[in-house]
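*Asks:* Take a look at the following structure, please.
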Amino acid sequence: MAASAKTVRAGKTLRQLLAERYSALKNKRAPLIPYYQDLSRYFLPRTGRFLTTDQQRNRGDMNKSIHDNTATLALRIAVAGFMAGCTSPARPWFRLAAPDPDLANFHPVKMWLADVEDRMRLVFSESNTYRALPTVYRQMILFGPGPMGVADDYENIIHCYPYTAGEYCMATDYRGEVNTFFREFEITVAQCVREFGEQNCSDYVKENWKNNNLEAAVTIVHAIEPRDDRDDAMLDNLNMPWRSAYFEWSTNGKDTKRVNDELLSEGGYRQFPIMAPRWDVESCGDVYGSSPAMDAAFDTKSLQHKTLREGQAIDHQTRPALQGPAALKGREIEGFPGGFTAVDGQGSTPPIQPMWQVGLRLDDMHISMQGTRDRIEAALFKPLFLMIANSSDTTQRTAAEIAAREQEKLIVLGPAVENVNGNLKALVNLTFAQMAAVGALPPAPPELQGQELGVEFISVLAQASKLIRVRPVNEWVQDVLQVGATKPEALDRLNVDEWVEGTADMRGVPPKMVVPLEEARKVREARANAQAAKEQAALVQAHAKTARDLAAAPTDQANALTSAGAGAGIGGL
C-alpha cells in the first residue's frame, strides 16, 4: 500500500516541499523572462505578467516601444488563421472514434458518437472555450507555450482559463509531456478568506481581515503535479493521480508572513487539467520551446528603430533645427511656409539657416523597411493565411487548386498543428469526462461499454492532410469510370460501397448523411424486386397479347398459325 498523502520528506511539510520546487522551477525559467519581456514589448505590450503591481500593469504608456504595428497585425492574423483552421466555432473540428474499425462502422455506434459530438460542441459554444482558445494561440505564437486550464463549472459544465508568460512554471515527464504546472497570481485579502477560510490563512491575512483592510494584496501559488505518495485503493481528493495545492507566497520568494507552515487547501484531479501546446520543442529537456515571434524578434526591433529614425529624419528636413544671430534669441520666428521674420543682415551669410543638412533618401529607406516588414510577416505566416483571400483570380480557381493550397499550408504549419491537436485531445477528453460525471451524455450502446474512445481532428488544417488521400482515390475512380464506358468489365473492380464509406470518413461527413450499408442493401433489394416484378408483368402482358392476336387470326387462310400447325403435322384433313 502506498504511503498517505500527508507524508513528508526530509522532515519538511508538503508546503515546504512545494515551495522549494516552485523556487527551483522559477530559477530554471529565469533566463527566459528577459526574452519574453522583449517579445511582449515589441509585439503585444499588455500581454505577459512581468510587473508586480497593479499600477505598473495598468500603465498607459506601455505601447511606447511600438512605432510600426506590422508585427502586431501579423500576429493577429496568425491567431485568427489558427482559430479558423484548427478550432472554428462555425464547423466541426473534432470527431470521436471507436477503437475497433468494425465497431466504428456499426451504424448505431456512429449515430451515438455523432450525438455526443453535437452535445460537446454545444458545451464549447455555451462556455468560454471559443473566447479562451485565441489567447492560447496568441501565447503559443508569441512565446512558445500556450497553456490553458480546464475546470469544472456548475453552469456551463467546463470553464477555460488561459495563462500568459511570466505567471506560470512548467515541468515535463521523461517523454517530454508537460505534467507539472505552478501558477502564481494575486488576490485580495477578502477573496483569500472567502475562498480558503480564515482559519487556513496566514497571520498576515487574518490581521488585514480583522482590520477591514480587504483590498490588501495576497500572492498565491497553485501547484499541480503528479501525486506519487497516494493510496491507489482510495478514490478521494487526497489520493487522486494529480495533486492540486494552494499556498501563500511572498514576492521575494521567502514566506515571512506565516507562523504556521500549512497549505491553504489541497485537492486532486483524475486527469491533468492543463493543456499546454508548444509551438516547437527541440527535445524532451526543452520545457518551454520556441515560437515564430522569436524568429521575427530582431526584424521587429529593427523595424521599430527604422520607423523612429524615419520620423526624426522627416522632422529634420521639414522642421530643421536653426541657427542665427544671437539677437533673435527669445524672439518669435515665423517658421511656417510664407512666414516672415525681420532680422539684421550679416553680409552674404544668411542670418538664419539649418544647423545641419539632412539628405535622407526616403525611397531607399522605404524599400529597406518594406523588406523588413515582409520578413516579419513571413515569419508569422501572414502570406500563408491570406494566400487565397489576397489572390486576384479567386473566382477562377478550382476546388482542387484551393485544396492544394490548404495542403501547402499544412506542410509549413504541420508540426505546430500536430502539437495543437495533441493538446486539444486533452480538452476533448476533459470535457467528455465532466459531461459523463454530470449525466450530460446519452446512454451508450452496449457495444461501447468498457471501450475507450479516440479523438480524430477534422478541422480545415487537419483535413488538408486527409485530402492528400482523397484526391488520388477520386482520380482513380474517375479513370475507372472513363475506361468502363468502353470496357464495362473494368467497373467490376470498383467497390462503390467502400468508396462512399471511405471518402465520407476522410472528409468528415456527418454519419447522419450517409445511409448505412444494411439499409442501402434493403433499398437495393426492394428496387431489384420491384424491377423484376415490373419485368415479369411486362412479359406476361406480352404473352397475353400474343395469345390474343393468335386467337383472333382467321384459320381458313394461310397464316402464321396454320403454317406452324402444318409444320408440326397437325394441319387440316
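*Asks:* On the basis of being out of contact with any helix residue (DSSP H, G or I) (no Cβ under 7 Å at 6 or more places or on another chain) and surrounded by fewer than 17 Cβ atoms within 10 Å (Cβ to Cβ), does Asp152 make the cut?
*Replies:* no
*Asks:* Looking for whichever is assigned to a helix (DSSP H, G or I), more than 18 Å from Asn421 (Cα to Cα) and among the β-branched types (Val, Ile, Thr) here; the options are Val116, Val136. Which one fits?
*Replies:* Only one candidate qualifies: Val116.
A quick yes/no check of all residues on (1) without any contact (Cβ under 8 Å) to a residue 40 or more places away in the chain; (2) under 16 Å from Tyr22 (Cα atoms); (3) out of contact with any Cys (no Cβ under 9 Å at 6 or more places or on another chain):
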position	(1), (2), (3)
Tyr204	no, no, yes
Glu207	yes, no, yes
Lys210	yes, no, yes
Val218	yes, no, no
Tyr246	no, yes, yes
Pro273	no, no, yes
Val281	no, no, yes
Cys284	no, no, yes
Gly289	no, no, yes
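*Asks:* OK, next. Among the residues of segment 149-157, is any small (Gly, Ala, Ser), under 19 Å from the mean Cα position of the chain (by Cα), in a strand (DSSP E or B) and closer than 21 Å to Gly267 by Cα?
*Replies:* yes
*Asks:* Taking the conditions exactly as written (within 23 Å of Arg46 (Cβ to Cβ), assigned to a loop (DSSP other than H, G, I, E, B), in contact (Cβ under 8 Å) with a residue 60 or more places away in the chain and not polar (S, T, N, Q)), does Gly166 satisfy them or not?
*Replies:* Against the criterion (within 23 Å of Arg46 (Cβ to Cβ), assigned to a loop (DSSP other than H, G, I, E, B), in contact (Cβ under 8 Å) with a residue 60 or more places away in the chain and not polar (S, T, N, Q)), Gly166 qualifies.
*Asks:* List the pairs whose first member sits in segment 137-149 and is over 10 Å from Ser291 (Cα atoms) and in contact (Cβ under 8 Å) with a residue 40 or more places away in the chain, whose second member is small (Gly, Ala, Ser) and surrounded by 23 or more Cβ atoms within 10 Å (Cβ to Cβ), and whose Cβ atoms are under 6 Å apart, counting only residues at least 6 apart or on separate chains?
*Replies:* From residues that are over 10 Å from Ser291 (Cα atoms) and in contact (Cβ under 8 Å) with a residue 40 or more places away in the chain, the pairs are Pro147/Ala276.
*Asks:* Considering only segment 275-290, how many residues are in contact with a helix residue (DSSP H, G or I) (Cβ under 9 Å, 6 or more places away or on another chain) and part of a loop (DSSP other than H, G, I, E, B)?
*Replies:* Number satisfying all stated conditions: 7.
*Asks:* Another question, if that's okay. Return the only residue of Val477, Val496 being touching a Phe, Trp or Tyr at 6+ places or on another chain (Cβ under 9 Å) and either modelled with pLDDT under 75 or hydrophobic (A, V, I, L, M, F, W, C) (or both).
*Replies:* Just one listed residue meets the conditions, Val477.
*Asks:* Any idea how many residues of segment 292-321 are farther than 26 Å from Val79 by Cβ and surrounded by fewer than 18 Cβ atoms within 10 Å (Cβ to Cβ)?
*Replies:* Number of matching residues: 13.
*Asks:* Would you say Val193 is out of contact with any Asp or Glu (no Cβ under 8 Å at 6 or more places or on another chain), buried (at least 19 other Cβ atoms within 10 Å of the Cβ), under 24 Å from Thr431 (Cβ atoms) and β-branched (Val, Ile, Thr)?
*Replies:* no
*Asks:* Looking at Thr129 and the list (1) touching a residue at least 40 places away in the same chain (Cβ under 8 Å); (2) surrounded by fewer than 15 Cβ atoms within 10 Å (Cβ to Cβ), which single condition is not satisfied?
*Replies:* Here Thr129 meets the rest and fails (2).
*Asks:* Within segment 217-249, count every residue that is over 15 Å from Phe185 (Cβ atoms) and either in contact with a Gly (Cβ under 9 Å, 6 or more places away or on another chain) or of a type in the set (A, V, I, L, M, F, W, C) (or both).
*Replies:* 13
The values are calculated or read from the model by the stated rules, or taken from the named source; none is laboratory data. The model shown is predicted, which means the values in this text are computed figures rather than measured ones. Please note: Cβ atoms are built from the backbone with ideal geometry, for glycine as well, and neighbour counts cover all protein chains shown.
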